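Just so it is clear, none of the values below were taken in a lab; they were calculated from the coordinates. A quick note: this is a predicted structure, and the numbers were derived from the prediction, not measured. Neighbour counts are summed over all protein chains in view; Cβ atoms, including those assigned to glycine, are modelled from backbone coordinates with ideal geometry.
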Amino acid sequence: MIELRVNGVLHQVEAGPETPLLYVLRNDLRMNGAKFGCGMGQCGACTVIVQGKPVFSCVTPLSSIGAREVVTIEGLGTLAHPSPLQASFIAHQAAQCGYCISGMIMRAQALLAANPHPDEATIREHMEPNLCRCGTHMRILAAIRVVAAGEHA
């Protein structure tokens, strides 16, 4: 049995220490926001935040988490009350197919938590590991810039 703190709640899961975090989030905890994309940590669809840092959950074994806090898209806001970043993504229509968006939001959330007002170059560099196959990168960047500038969507 492994203990895992996700979105402020302590969970006990029956999984091996080598099991990818993504599998436990989706299959055991039924948190389906993080998506399985490439399975190799190259696309970012599975991005979650672990102790303030964005990680590819598809290649992160449970054994590497320990007592560190995991935050998923489900921990940011709700449909009725989205977080400021989620609201900005909605207002800027940053999602086309939506597959990459939770990973994009989680990577951006980690940046904004560490640096609330990053410049354009910092935003672009930080977001570079996550891919959007639909090509909405400009809308994604615009949504992040609005929140970084302290504006409301």
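Given the peptides 28-37, 44-53, 72-81, arrange them by the average over their residues of other C-beta atoms within 10 Å, most packed first. Intermediate values should be presented prior to the final figure.
Numbers: 28-37: 17.9, 44-53: 21.8, 72-81: 14.5.
Sorting 28-37, 44-53, 72-81 by mean packing, highest first, produces 44-53, 28-37, 72-81.
Give me D for region 36-107 in µm² s⁻¹, whole number, from Stokes-Einstein with Rh from the Kirkwood sum over alpha-carbon pairs, 4 °C and 1.567 mPa s. Intermediate results must be reported in sequence, preceding the final value.
Numbers: Rh = 12.9 Å.
The diffusion coefficient I find is 101 µm²/s.
Determine the calculated [θ] at 222 nm for the chain from helices alone, applying -39500 (n - 2.57) to every DSSP H run no shorter than 4 residues and normalising by the residue count; nearest 500 deg cm²/dmol. Don't skip to the answer; put the middle values down first.
On the way: 4 runs with 42 residues, N = 153.
Here the helix-only value at 222 nm equals -8000 deg cm²/dmol.
Just need the Rg to Rh number for region 90-132, please, alpha carbons only, Kirkwood Rh. Don't jump to the answer; show the numbers that get you there.
On the way: Rg = 10.6 Å, Rh = 11.0 Å.
Expressed as Rg/Rh, it is 0.96.
Within the chain, what percent of beta bridges assigned by DSSP are antiparallel, to the nearest 5? Don't skip to the end; give the middle numbers.
Details: 12 of 13 bridges.
Taking every DSSP beta bridge with both residues in the chain, the antiparallel ones total about 90 percent.
Ignoring solvent entirely, what values of log10 I(q)/I(0) come out of the Debye formula for region 55-153 at 0.15, 0.19, 0.20, 0.25 Å⁻¹ when each Cα is a single scatterer?
So the normalised log intensities work out to -0.59, -0.94, -1.03, -1.47.
Run the Debye formula on the Cα coordinates of region 68-120, all scatterers equal and no solvent, and tell me log10 I(q)/I(0) at q = 0.30 1/Å.
-1.39
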